[in-house]
Amino acid sequence: MTRGRSCFSGRRNGGRSRGFLLLCSALALSLTVWLGGGAVLQVGKAWLAPVLIKRAWASAVDAGGPAPPPWPWADTRPVLRLSVPRLHVERYVLDGANGRALAFGPVLSNPGGVHVVYGHRDTHFAFLESIRLDDRLLVQTVNGPPVSYRVREIAVRDEDDIAIVSNGGEAPLVLVTCYPFHALDPTGRLRYVLLAAREHGGPAGVALAR
Amino acid sequence: MSIAIFSISGAIRRCMARPGNGAAWQQHTPIGLALCGILSVVGLFDVDAALAQGRGQDRSPGDMELQEETGFGLMLMDQSEAAQAWQARLLASYAAVEVSGAVARARIRQVFVNEAPAEVDARYLFPLPDDAAVDKLNIRFGDRWIEGLLKEKAEARQTFERARAAGKRAGLVESLRPNIFSTDLANIAGGELVSVDLEYQMTVKPKDGVFELRLPQVITPRFMPQQHMVSADIKDWDTLMAELADNGAVLETNNPNAPHGFPAAFVVRLKAGGDIATIESPSHDLTVRRHDEDAADIALRDRYVPADKDFVLRWRLRETAEPAAMLFHEEKSGEHYYMAVLAPPKAATTKAPARDVRFIVDTSGSMHGAALDQAKAALASALDGLRLEDRFEIIQFNSDMHSLFGEAVPVSDNTLRLARGYVANLVSDGGTNMALALRAALPGPGVHDSETLRQVVFLTDGAVSNETALFGMTAANIGDARLFTIGLGPAPNSWFMRKAAEAGRGVFLNIDRVEEAGEKIDALYRKLQSVQLTDLDVGVRTASLSGGPKAEIYPRNLPDLYAGEPLYFVLRSDVEAQELTLGGMLNGQAWTTSIDADGAREAPGLARLWAREKLEDLDDLRRMGADADRIRAQSIEIALAHGIAGRYTSFVAVEKEVPREPAERIGDGQGNGTGADKKEQLRKASAKSALQTLASVQLSGPATAAGWLRDLLVAIAAGLAGAFCLWAALRRQGTPA
């Protein structure tokens, strides 16, 4: 009797736990599809979009006007080409400092004429980690010649703690990305700030405020 | 051309934990410009004379070059298009400081003239020393003085804006950063003179026996040439000091030696509190008049120089056998404030105790490249510096932790050889799991070992985001060990490393270039080997018998005292002290001393220095995660009680009534020429001078991490778990019940 009962209960338990396992499995796998799909989408966007963006840029250079939207429904367009000759890195900087544009490429924000470029540390701006002091950066608008900048300062700052002072001259170029570069948590408060000054005609003094 | 303060407001702030932080920076956009400034100090500087000189002469091309060098500037934020035609001009600069031992009080006067024919608003930035406690503001518009009042920052800004809208003359001095301030001026009449007087208190702490006073003139760091001349005497010192003394400090604008444009002058009255051995400046040529063994007056040799670099003055006291203590006192609102600077005697005769050195080296992916090379070079020099009686261990960490020996081992040829090989083969890869390594190297709570001195030398770029947890862990496990942090790579997280070293009662040093690793490590070793006073504790002894005094001391953790470094602290006590007792270990032996509080020198303004330290401490607490609103409220209370401008408080000055005749004040009292002529002269003069703008950009930008890696890892983990569940379910199904 005892045996039979245990058999019975075992079968019932087995059925219940099997259902439970199947449910868990379904939940876990849908989480995989959701998050994994999201991650793949993010990375896919980050590396596929520049192909279209580059094409839009090239067509604008040929046509001699502002770049068209890289794809018909895009709400952004490339405005600058940023390159680092030493690292053979080239990035197209997009217009519009919003999260949508940031997924496709670094974005430019230049109130008052200071060029601040934001990029994701785990996609387009991952290369910032390899930049050294005194590296040369080239910045080019669609119709302009490349303008040369030199990296003057690199610092890690709290997001509330970033201020740049300059005593006139041409506006500096500031590249900003999240920090630490390889942290899993994307919501950190630290920023990696790279300050570059015009190689010619730059301000006599430009610095990150301490 | 000119840039104002503005913010890149977070259009996208997805990863910002606290939205809205940038709001305070979001004003000011339009900037006209024009104007000039005279930075002056001391007494009633004859600005009319300076102005007359400034506008009466045509500028030579040389002036423009000088002006392009300066980093001090003024921008106008004018309404009118016409103001665009006017340019900034800095006429002169003048600063006076009185140093008393380790306390300095500086008075600066900034005098501006509105060269435009219309009313303008102006804004400019200026640098102050890092620990300046600004406690006084007076502004003179034309011939009337307005006293600045300290208010909560937003309230001060409101008061100022209301006054501006009402057409009243007003001024606002805000702290943008601890060392950068801004002044806003509203409704300056055409041709009107404006003087902005600021006073601040600061400390002068000796390092390796050298006191250094730095008056920043430019915000950006500049290259400084080698040693400058110190001439034996001042030719016309008496004239200068007399001028300073009786408010008659007339800037001799006709002095042929004075550079036109914006001469700067600095004068320092030094009461060193001990016999002065040397006085020098790495930045400027000086003239020095020694009054006494311990006192001197110092001025620039040329009296006026372009204000294009920081003024730095250094002096050294004669060394004494006994630790010399300087004690300062101020009583304010029934509270007693003390500041002590205690210099250790040079090189102890007793041998330093044997050490147990644990090196922790960060070999995470972020260290790749220059940082790891610096780490290797630093470790190699560090190993060379070990002594035979020492013990050591090397721990590396990335995602995981690995220790070379598993415990501290004696220094021998064999262990050193192993260690050198280990260091040479370090490779950087993976994550940053700092906590494991720190925990392994730190002795643990309450562990005390009187035989050896446990030193943990931590080499990292500080690429961590769980800073607060690490500070807590360090403080809890430090025992009697000391933590020294060495910052590597192009941009070490220096705040983290400085605070970690403070939590571990050690020091932080930064290695910028691989070539200087050896030199820096040697310097650190000299420190490590010369550790003298440890476990310091300050007590207050009072005359009263009832209960102990309540004392609040900063810095919170008193650091160890190494040869060359002074002990510095500020203390507030609710009762007057008879003496301050200092207890600790001197080279391993129990040591106590006391400083007679009767001998304390009275130092007005000391309470403000204490408040400044307290505010800094509060700010650290905020960054370590304390409740921001509570910190804010406390900070405002302290700042208002002590009357100092800072993160949450500003000075605002508003005239009581709207002036009857707002414009046409050019050449007031001079009586030569008509207003129109003068305006024309001014226009000509200023058109030739260079514009000086000093812009500050406060960034608070969007999220800059896509975060796909975390999503991907979670997805993979979930996938594995799902697959396992599925497998288990299928297996169960296949098994007959």
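No lab work stands behind these numbers, since they all come straight from the coordinates. Bear in mind that the values here come from a model prediction, so they are computed numbers and not experimental data. Ideal geometry is used to build each Cβ from the backbone, glycine not excepted, and the neighbour counts take in all protein chains shown.
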task: Along Cα→Cβ, 7 Å out, is where each label goes; now give me the distance between the ones at residue B:724 and residue B:289 in nm to one decimal.
output: 8.4
- prompt: residue A:141 to residue B:208: FRET efficiency via 1/(1 + (r/R0)^6), r the Cβ-Cβ distance, R0 56 Å, to the nearest 0.05?
  reply: 0.65
- line: The simple spin-label model distance between residue A:199 and residue A:110, using points 7 Å out along Cα→Cβ, in nm, is 1.8
statement: Taking only C-alpha positions in region A:43-208, Rg and Dmax in angstrom work out to 15.4, 44
query: In terms of modelled amide H atoms, which long-range or inter-chain residues lie less than 5 Å from the amide H of residue B:569?
result: B:340
- line: Between residue B:540 and residues 5 or more places away or on another chain, the pairs with built amide H atoms under 5 Å apart involve B:581
- request: Under 19 Å from a label point 7 Å along Cα→Cβ of residue B:733: give me every residue in region A:26-55 with its amide N that close.
  value: A:26-30
- prompt: Summing +1 for each Lys or Arg and -1 for each Asp or Glu, what net charge is found among the other residues whose Cβ lies under 14 Å from the Cβ of residue A:51?
  reply: +3
query: Quick one: if you stick a label point 7 Å off each Cα along the C-beta vector at residue B:333 and residue B:166, how many nm between them?
result: 2.8
- line: FRET efficiency (residue B:389, residue B:556; Cβ distance; R0 35 Å; to 0.05) is 0.55
Full-extension gain in nm, residue B:439 to residue B:602, via 0.36 nm per residue minus C-alpha separation: 54.1 nm
Rg ratio (alpha-carbon, reference 2.2 N^0.38 Å) - region B:355-526: 0.93
message: At a 10 Å Cβ-Cβ cut-off, how would you order A:124, B:642, B:368, fewest neighbours first?
response: B:368, B:642, A:124
Cut-off 16 Å (backbone N to label point 7 Å along Cα→Cβ of residue B:713), residues of region A:117-134: A:121-123
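Counting other beta carbons within 10 Å of each residue's own, what order do A:104, B:458 fall into, fewest first? If you can, show how the numbers build up before the last one.
Values: A:104 24, B:458 27.
By the 10 Å Cβ count, ascending: A:104, B:458.
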task: Mark the label point 7 Å from the Cα of residue A:100 along Cα→Cβ and return the residues of region A:62-93 whose backbone N is within less than 13 Å of it.
output: A:70-77
- request: Would you mind ranking B:105, B:732, B:358, A:16 by Cβ crowding within 10 Å, fewest neighbours first?
  value: A:16, B:732, B:105, B:358
